[in-house]
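A short write-up of the structure that comes next.
The values are calculated or read from the model by the stated rules, or taken from the named source; none is laboratory data. Predicted model only: the values in this text are computed from it and were never measured. Don't worry about glycine lacking a Cβ; one is built from the backbone with ideal geometry, like all the others, and counts go over all protein chains shown.
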Amino acid sequence: ADVAPFFFNDKESITADPFNSNYVYAVWDRLRKPGEAESVNAEHSFAFRGDTLFSRTTNGGQTWDPPRAIFKRTNNAGTIGNQIAVLPGGTLVDIFDSLQGSGRNFPGFDIQVQRSTDHGTTWSEPIEVAPERAVRVFDPDTGSSVRAGGGLPDIAVDRNPTSPGYGNLYAVWGDSFGSEKVKSNFHSTIVFTESTDGGLTWSPLSRIDQSPGDVQAFTPSVHVASDGTVGVTYYDFRNNTPAPGVPTDQWFIHCHATTDCTNPANWAENHVSGPFDIENAATAGGYFLGDYEGLDSIGTTFTSFFSQTTTSDKDNTYLARIAP
């Protein structure tokens with residue numbers, strides 16, 4: 001346990017091994033200040049480091065390995081949003097947003113992965129997936145910030161042996177790729193990439209949201225159904241009007257395993273829920289529905305676990321079944 005107030009454990013993620021029930025993997029980022037001396041002044045230093053910490057159980061949760069750093073960062077660098085996917089055959093792939101430098105300056109942020117072929121005993125050096133160029137999501141009427149988890153990746157794997165995409169990895173995150181050519185005009189988009197070789201190499205980014213024009217899309221989740229269909233959910237503001245409030249909707253897009261999912265034209269869209277007014281949301285660094293939402297499936301039916309507001313409640317959580 002961290003007993004000093006100068007550590008911050010964040011974005012914990014846990015993954016049960018679907019191929020071996022003895023193994024469960026936990027991963028998170030742990031911020032630490034320079035020198036780890038107990039000095040209040042160091043709390044304001046730009047030299048924080050954020051290591052990736054990992055633990056596992058090999059006996060179904062009866063005991064856990066002591067946490068250890070699998071990616072140890074230098075000053076002014078860190079990781080966030082770590083999440084482990086398990087490939088057929090047992091290889092682990094940890095995806096994360098790698099941070100380098102103070103402030104949100106371009107360049108300096110990258111989506112990367114690390115691989116382990118021995119259930120987490122050893123890990124590869126980081127592998128580049130793509131540059132991460134997330135931008136602030138904002139209220140289109142007032143300019144107030146929306147906390148949307150920009151740059152936090154979500155990852156999924158196709159585990160169906162009969163699927164054309166068997167073993168493929170798919171990743172999404174909020175970015176600005178495909179929005180505008182001029183940086184000052186960038187807006188939030190949903191990007192997609194896939195790996196067909198276990199995370200060693202990744203396809204060029206594709207913008208897959210179907211939000212029109214400069215409408216901001218944010219907070220994506222990805223999952224693969226039992227037939228290999230790839231599904232993604234996200235929010236956007238496409239139904240906003242000059243009237244008070246900001247109508248916000250959740251959308252679902254999917255791509256069948258028999259098609260090329262790196263081609264945005266192969267994604268079809270369904271409306272999931274909304275509109276609701278995001279200006280009714282709780283505020284925590286901006287209007288806040290969550291840094292991430294949930295997406296799973298029961299057979300070929302997707303299940304979306306998401307938040308939206310009402311006039312009387314700042315945060316309601318819903319489950320929607322989606323049959324693409």
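For region 204-216, which residues satisfy the criterion of being closer than 20 Å to Q112 by Cβ and either free of Cβ contacts under 8 Å to residues at least 12 places away in the same chain or surrounded by fewer than 17 Cβ atoms within 10 Å (Cβ to Cβ) (or both)? Walk me through it before giving the result.
Narrowing region 204-216 to residues closer than 20 Å to Q112 by Cβ: 204-206.
Of everything in region 204-216, just one residue is closer than 20 Å to Q112 by Cβ and either free of Cβ contacts under 8 Å to residues at least 12 places away in the same chain or surrounded by fewer than 17 Cβ atoms within 10 Å (Cβ to Cβ) (or both), namely P204.
Residues are listed down the side, and each one gets a yes or a no for (1) surrounded by fewer than 24 Cβ atoms within 10 Å (Cβ to Cβ); (2) in a loop (DSSP other than H, G, I, E, B):
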site	(1), (2)
R159	yes, yes
T162	yes, yes
G167	yes, yes
Y170	no, no
G178	yes, yes
V191	no, no
E194	yes, no
G198	yes, yes
T201	yes, yes
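Of all the residues that make up region 293-312, how many are part of a loop (DSSP other than H, G, I, E, B), surrounded by fewer than 18 Cβ atoms within 10 Å (Cβ to Cβ) and in contact (Cβ under 8 Å) with a residue 24 or more places away in the chain?
Count: 4.
Please state which of the following conditions A265 fails to meet, knowing it meets all the rest: (1) buried (at least 18 other Cβ atoms within 10 Å of the Cβ); (2) of a type in the set (A, V, I, L, M, F, W, C); (3) part of a helix (DSSP H, G or I).
(1)
One residue is enough: does region 276-292 have a residue meeting the conditions closer than 27 Å to D158 by Cα, surrounded by fewer than 17 Cβ atoms within 10 Å (Cβ to Cβ) and of a type in the set (F, W, Y)?
Scanning region 276-292, I find no residue that is closer than 27 Å to D158 by Cα, surrounded by fewer than 17 Cβ atoms within 10 Å (Cβ to Cβ) and of a type in the set (F, W, Y), so the answer is no.
Being at positive phi and at pLDDT below 95 is the filter here, so list the residues in region 152-196 that pass it. Before you say what the answer is, go through the steps one by one.
Our first condition is that a residue be at positive phi; within region 152-196, this holds for 167, 178.
Within region 152-196, just G178 meets the criteria.
Hey, does region 217-235 have a residue that's surrounded by fewer than 17 Cβ atoms within 10 Å (Cβ to Cβ) and more than 30 Å from Q114 (Cβ to Cβ)?
Checked region 217-235: no residue is surrounded by fewer than 17 Cβ atoms within 10 Å (Cβ to Cβ) and more than 30 Å from Q114 (Cβ to Cβ).
Kindly list, by first and then second residue, each pair from a residue in region 116-144 that is touching a residue at least 12 places away in the same chain (Cβ under 8 Å) and within 30 Å of G286 (Cα to Cα) to a residue that is among the hydroxyl-bearing types (S, T, Y) and part of a loop (DSSP other than H, G, I, E, B), limited to pairs with Cβ atoms under 6 Å and residues at least 6 apart or on different chains.
Sorted first by the residue in region 116-144, then by its partner, the pairs are R133/S176; V135/S176; V135/S188; V137/S188.
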